[in-house]
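Structure, as structure tokens:
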There are 2 protein chains.
Amino acid sequence: MRVACAQYAVRDGDREYNLRRSEAAVRDAADRGVDLVVLPELANTGCDLDGREPATSLAEPIPDGPTARLWRKLAEDHGICIVGGVLERGEDALYNSAVLIGPDFLVCYRKTHLWDREKLLYKLGTELPVFDTPFGGIGVLVCYDAWFPEAVRTLALRGAGLICIPSNLPDDWVPENQRRGDLTMLNVHAIAGANANRLFVAAANRVGDGYLGRSCIIDPTGGVLVLAGATDEELIFADVDLSRARREKSLTDLSHAHGDRNTGVYGATL
Amino acid sequence: MRVACAQYAVRDGDREYNLRRSEAAVRDAADRGVDLVVLPELANTGCDLDGREPATSLAEPIPDGPTARLWRKLAEDHGICIVGGVLERGEDALYNSAVLIGPDFLVCYRKTHLWDREKLLYKLGTELPVFDTPFGGIGVLVCYDAWFPEAVRTLALRGAGLICIPSNLPDDWVPENQRRGDLTMLNVHAIAGANANRLFVAAANRVGDGYLGRSCIIDPTGGVLVLAGATDEELIFADVDLSRARREKSLTDLSHAHGDRNTGVYGATL
């Protein structure tokens, strides 16, 4: 299975441009034999929208809005899976969502950890599903979700072999002289989550306007299969075998990444 | 508060040498004005002991064995706190333990995640306590414990501002071309845990005989305050303000590292 992350500059509020850009990214991925491509968070609208009114007017129903329709068509035409962020107009509220679309399926995840002023705009998601796909179990998180190891662990325990993370990460808050090489904190959480849970992680971040890029694909050892730069638009990809996520849960004859959890000692509030 | 990690070569089975070496490390730390120094895992015996018999004969009661007695005296003489790993002979079994000793207190933690054949030798710890010290709440984990983000989270939720991690990490399993710069997986888990929980982490690892070194002290942003090399004996230290661990839980007016946990969506088995 070939997995890709499309790292590009999303334009805040410019849905027409963003849909064209996402289409180019998906076609590029398909040309390179990619089976599943991850796009950034809120890939239809961007995340800096100047309040509720423009957000509401740009929000789209799923599956019947223009973005989900376009991506479904691309998935059908190219036999490819697409994971991408969508500002969703739900039945009762706006959601910071991500869809996972294949040639013959469409499922949706709603961000379960909202960052800062997102709380004023979006309703919080209430589920952390693992989607059963022809490639195996796939989970989706959105950006700040990845800072919560419980979320990654929950998806792992529910059978995810790959976690896709559409992101819009603009800042790390780590003082410059304390950063390690070319890794953002999104990368660190991706590596730690992949290693602790022995699964693959593919995180697609935005670039431009101060967004940090460094999209990455991580393997179940915590190894970095591919890491994008900080500024340029790039399509990164890697060939992965999702069955490793199941097989490599066993670390030795006696050690197991999930079996070694000592659930009796963790806090009841966990 | 000045925190240090003493990275040195522990000799398997040679308690006399190991006690002398730990004493030199503590004196060195005291000379540099250190308030708390972290020593490696199983600093009295090493971890490669060729079976139950030599392990049992080297094991020591706590607080009345030679190692705890020596460290208590050093703590008293130098007004310093010491965290270090001890092969403990408990009332009912052997434990891979770590003590936290100050001039007027001694507490003990028993490793709650045993690696591989450690399971054949040691009994599993049943508690993840946070110790109330003059510097604030301090938690202790031992090596492989740090691969379990639930353990770090539990200590954080219980009020730890600093987590000390005595370690004997010999291998990462990450293919060489997939490693990131100078970071071991212990470092990655330390950074991710510090950042997700907004607290300090001080991990002291062994060097020599293939052990990976790279002891580190991490701040609540996930920033690396200091990182040791991979091979040499070193004392690394940093000045830390544990109150940051409480203050910096608030990320913005609306975001909070623990308050943003969405406990309703995580798995019941977590």
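The values are calculated or read from the model by the stated rules, or taken from the named source; none is laboratory data. Since we're looking at a predicted model, the values are computed, not measured. Cβ: placed from backbone, ideal geometry, glycine included. Neighbour counts: every protein chain shown. Protein only, heavy atoms only, side chains kept; ligands, DNA and RNA dropped before computing areas. Shrake-Rupley method; radii C 1.70, N 1.55, O 1.52, S 1.80 Å.
Summary table
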{"read-out": "Over the stretch A:106-192, relative contact order from alpha-carbon pairs under 8 Å, at least 6 apart, %", "value": "25"}
{"read-out": "Hull shadow area, averaged, the stretch A:99-197 [alpha-carbon convex hull, nm²]", "value": "7.4"}
{"read-out": "Surface/4 estimate of mean projected area, convex hull on alpha-carbon atoms of the stretch A:1-46, nm²", "value": "2.7"}
{"read-out": "Whole-number accessible area per residue in Å² for chain B, which is evaluated in the context of all protein chains at 1.4 Å", "value": "36"}
{"read-out": "Dimensions in Å of the protein assembly as shown - Rg and Dmax from alpha carbons", "value": "24.0, 76"}
{"read-out": "Cα centroid separation - the stretch B:66-110 against the stretch B:211-270, whole Å", "value": "24"}
{"read-out": "Charged-residue dipole, Cβ positions (Lys, Arg, Asp, Glu), the stretch B:146-250 about Cα centre, Debye nearest 20", "value": "660"}
{"read-out": "Nearest 10 degrees, 0 to 90: helix A:15-31 Cα axis against chain A principal axis", "value": "50"}
{"read-out": "31 Å Cα-Cα threshold exceeded, pairs from B:LYS123/B:LYS249; A:LYS249/B:LYS123; A:LYS73/A:LYS111; A:LYS111/B:LYS119; B:LYS73/B:LYS123", "value": "B:LYS123/B:LYS249; A:LYS111/B:LYS119"}
{"read-out": "Contact surface B-A: accessible area buried, both sides summed, square angstrom, 1.4 angstrom probe", "value": "5000"}
{"read-out": "Degrees between helix B:66-78 axis and first principal axis of chain B (Cα, 0 to 90, nearest 10)", "value": "60"}
{"read-out": "Cβ-vector label at 7 Å, A:TYR17, separations to other copies in nm", "value": "6.6"}
{"read-out": "Principal axis box of the stretch B:141-270, alpha-carbon based, largest edge first, Å", "value": "46, 35, 25"}
{"read-out": "Relative contact order of chain A, defined on C-alpha pairs under 8 angstrom at six or more residues apart (%)", "value": "19"}
{"read-out": "15 Å tail of the calculated P(r), the stretch B:105-158, as % of Cα pairs", "value": "48"}
{"read-out": "Percent carbon-and-sulfur accessible area, the protein assembly as shown, ignoring ligands, DNA and RNA, probe 1.4 Å", "value": "46"}
{"read-out": "Calculated from backbone phi, Karplus (6.51, -1.76, 1.60) coupling profile of the stretch B:130-146 in Hz, x at Gly/Pro", "value": "9, 8, 7, 10, x, 8, x, x, 10, x, 10, 10, 10, 6, 4, 3, 6"}
{"read-out": "Cα-centre dipole for the stretch A:2-265 with unit charges at Cβ (Lys and Arg positive, Asp and Glu negative), debye to 20", "value": "580"}
{"read-out": "Across the identical copies, how the B:PRO103 labels are spaced - nm, sorted shortest first, 7 Å along Cα→Cβ", "value": "7.4"}
{"read-out": "Mean residue ellipticity (222 nm) of chain A, computed from DSSP H runs ≥ 4 via -39,500 (n - 2.57), nearest 500", "value": "-7500 deg cm²/dmol"}
{"read-out": "Rounded to whole Å, sorted largest first: equivalent-ellipsoid semi-axes of the stretch A:54-137, Cα gyration tensor", "value": "24, 16, 9"}
{"read-out": "Degrees, to the nearest 10: B:185-197 long Cα axis against longest axis of chain B", "value": "40"}
{"read-out": "Chain lengthening between B:ARG69 and B:LYS123 when straightened (0.36 nm per residue, less Cα-Cα)", "value": "17.1 nm"}
{"read-out": "Residues in the stretch A:141-164 occluded by at least 50 Å² - accessible area, probe radius 1.4 Å, against chain by itself", "value": "A:PHE148, A:PRO149, A:GLU150, A:ARG153"}
{"read-out": "Exam field: B:GLU91 pseudo-label spacings to other copies (7 Å along Cα-Cβ), nanometres", "value": "5.8"}
{"read-out": "Rg/Rg_globular for the stretch A:2-265, with Rg_globular taken as 2.2 N^0.38 Å and Rg from C-alpha atoms", "value": "0.95"}
